[in-house]
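The values are calculated or read from the model by the stated rules, or taken from the named source; none is laboratory data. The shown structure was predicted, so the numbers you read here are calculated from the model rather than taken from an experiment. Cβ coordinates were reconstructed from backbone atoms using ideal geometry, including for glycine residues, and neighbour counts include every protein chain displayed.
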Amino acid sequence: MAVRVLELVPNFSEGRDPGVIAEICDAMTRAGASVVHTTSDPDHHRSVVTAFGSPRAVEDAAIAAASIAIGRIDLRRHQGVHPRIGALDVLPFVPMVGTTIEDARAVARRVAERLAAELGLPAYLYAAASDPPGRGLAELRRGGFEALVTGWPDDRRPDALPADWPYPGAHPTAGVVCVGARMPLLAWNVELEGVSLPGARRIAAAIRERGGGFAGLRALAFELASRGTVQISMNLEDPRVTSPVAVLAMIEALAAAEGGGVVRTEIIGLMPDEMALDAAADRFRIGLSLADRLLSRRLVEYLAELPSPTEQD
């Protein structure tokens, strides 16, 4: 059987205690997934873990990670700039080698049911896992954890709810998890200096798709108290459609108009190939499709076609 790999990118509402994240990563590893990267931020009070594995391995790793998060993260004491509704806030599955978005959707829907049945954690489905597909995180997070703990809004009943649920709304300390299936995206932050928070909000409003900006771009502005700067925090759904280089150029121009500039860019998790390809093509003025010439991509395609010595779920 050919190699089959899914990516798991859980987001946890904990960015200040590395011991908690280490415990979560250890649990995911013991469940059979390979943890390849973690990003933590104290201002966001959030950590993002990236792991790979067979469909069965990432499914079990998600349950193991959720179990630790429920026991170690209490949203009643959580304060951070990033929107959140759960201790394990977002749980996306992403097709990689030998898998499709349908495979990711199937795993996401199984995991949502297991979280409710085995761990007593309500779950929403989003992106390709929702029915119909395409539900967004913004609508699920509206009002935050505090808006859900006292009762479920009529338009936001969980897709998976534990039997005999004793609470009027979300779990009193762990909230509710958003479980999804999606294609690879670019999660990144651009830190600005000399720009006020209202100015940063104007920039975010101008570049996001909802405000008439770049296709597939979601953007929020935050103040980073620990650094004394402001930040544009973004998700770009498809870097093949919208150029990250073009987005950054627009941010630089808008920041200059506000009297400031870009300090640095931060990638959350792993960087899609398209970002490096786009930047390289722009810098070196290469007039060809780099995607077809990327050594790592061609090697992965070759490996995906090889028979596996051991069966994978």
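If you scan the range 128-154, which residues turn out to be assigned to a helix (DSSP H, G or I) and of a type in the set (Gly, Ala, Ser)? Can you show your working first?
We begin by selecting, within the range 128-154, every residue assigned to a helix (DSSP H, G or I); these are 137-141, 144-149.
Passing the criteria: Ala138, Gly144, Ala147.
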Selection status of Pro133, assigned by TED's automatic domain parsing to the domain that holds Ala66 and within 21 Å of Pro83 (Cβ to Cβ): no
Only one of these is farther than 22 Å from Thr50 by Cβ, more than 17 Å from the chain's Cα centre (by Cα) and surrounded by 19 or more Cβ atoms within 10 Å (Cβ to Cβ): Ala147, Ala116. Name it. Ala116
Which of the residues belonging to the range 4-53 are among the small types (Gly, Ala, Ser), touching a strand residue (DSSP E or B) at 6+ places or on another chain (Cβ under 9 Å) and either in a strand (DSSP E or B) or closer than 20 Å to Glu118 by Cβ (or both)? Ala31, Gly32, Ala33, Ser34, Ser40, Ser47, Ala51, Gly53
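Right, Gly169: in contact with a helix residue (DSSP H, G or I) (Cβ under 7 Å, 6 or more places away or on another chain), part of a loop (DSSP other than H, G, I, E, B) and within 23 Å of Arg77 (Cβ to Cβ) or not?
Details: in contact with a helix residue (DSSP H, G or I) (Cβ under 7 Å, 6 or more places away or on another chain): yes; part of a loop (DSSP other than H, G, I, E, B): yes; within 23 Å of Arg77 (Cβ to Cβ): yes.
Spelling it out, Gly169 is indeed in contact with a helix residue (DSSP H, G or I) (Cβ under 7 Å, 6 or more places away or on another chain), part of a loop (DSSP other than H, G, I, E, B) and within 23 Å of Arg77 (Cβ to Cβ).
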Can you give me the number of residues within the range 65-102 that are buried (at least 19 other Cβ atoms within 10 Å of the Cβ) and in a helix (DSSP H, G or I)? 6
Close pairs from the range 37-49: first touching a residue at least 40 places away in the same chain (Cβ under 8 Å) and surrounded by 20 or more Cβ atoms within 10 Å (Cβ to Cβ), partner of a type in the set (Phe, Trp, Tyr) and in a strand (DSSP E or B), Cβ under 7 Å, at least 6 apart: Arg46/Phe12
